[in-house]
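All remarks here apply to the structure that follows.
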Amino acid sequence: NPADDEGYNEYLYKILVVGDIGTGKTSIIKRFVHNIFSMHYKSTIGVDFALKVINWDPKTEVRLQLWDIAGQERFGSMTRVYYKEAVGAMITFDVTRMSTFEAVAKWKADIDSKVTYGPEEKPIPVVLLANKCDLGKDAFIKTANDMDKYCKDNGFIGWFETSAKENMNIEKAARFLVDHILKND
Ligand code: GTP
Ligand code: MG
């Protein structure tokens, strides 16, 4: 049993997954945790949970408690409750719908105003996911340079083009986020 071993570390991290309605939060989580995808859309009500265990390295296990928050909740009063004690977040938008990109700033402001970590009350690390990139390069007009600048200006640790459908970059984005969280610890 590796847990008996001195120097073996297990971490449990609460991660928020937010973004506007239908941008693919639930699909991203289902792909990441169960490696499944469906085109059938069933909107999340309130919040759902999933657990993903990552064998980070031979001496480190990372458990991600993923909070899949309904896009509809941006207009509700529960997010403060849902965000409590989160140490990282993913914000999604749908590359085919500009309005969902515009909402990213609103989600980021909501998180930053309601959750911090450490005695210095720093903002939690947030990664930006440009989802549904399988639907075509032309679908989204922002260039990689624009996105890099957007992240820098708005306090995102980085961004990834993702596809829950094609299983693209989800694991990579999650690892990038975890790496930041581990370094903060
Ligand atoms: P709410 O729970 O309502 O906030 O939505 P959500 O963000 O959880 O979106 P969900 O994962 O339910 O996906 C919405 C729709 O988009 C579904 O029909 C999915 O099949 C589809 N979808 C999600 N991700 C992708 C993707 O990467 N590519 C494509 N083509 N479709 C996707
Ligand atoms: Mg959902």
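The values are calculated or read from the model by the stated rules, or taken from the named source; none is laboratory data. All values reported here derive from a predicted model rather than from experimental measurement. Ideal geometry is used to build each Cβ from the backbone, glycine not excepted, and the neighbour counts take in all protein chains shown. For accessibility, only protein heavy atoms count, side chains too; no ligands or nucleic acids. Shrake-Rupley method; radii C 1.70, N 1.55, O 1.52, S 1.80 Å.
Return the total of residues in the stretch 38-52 being surrounded by 12 or more Cβ atoms within 10 Å (Cβ to Cβ) and in a strand (DSSP E or B).
Total meeting the criteria: 4.
Filter the stretch 54-92 for residues that are part of a helix (DSSP H, G or I) and not basic (Lys, Arg) and give the result.
71, 72, 73, 75, 79, 81, 82, 83
Among 145, 131, 167, which is the only one that is at positive phi and either open to solvent by 70 Å² or more (accessible area, probe 1.4 Å) or modelled with pLDDT of 95 or more (or both)?
167
So which residues in the stretch 93-104 are within 16 Å of ligand 2 (Cβ to nearest atom) and either open to solvent by 10 Å² or more (accessible area, probe 1.4 Å) or in a helix (DSSP H, G or I) (or both), if there are any at all?
97, 100, 103
Can you find a residue that is surrounded by fewer than 16 Cβ atoms within 10 Å (Cβ to Cβ) and under 22 Å from residue 87 (Cα atoms) anywhere in the stretch 10-21?
yes
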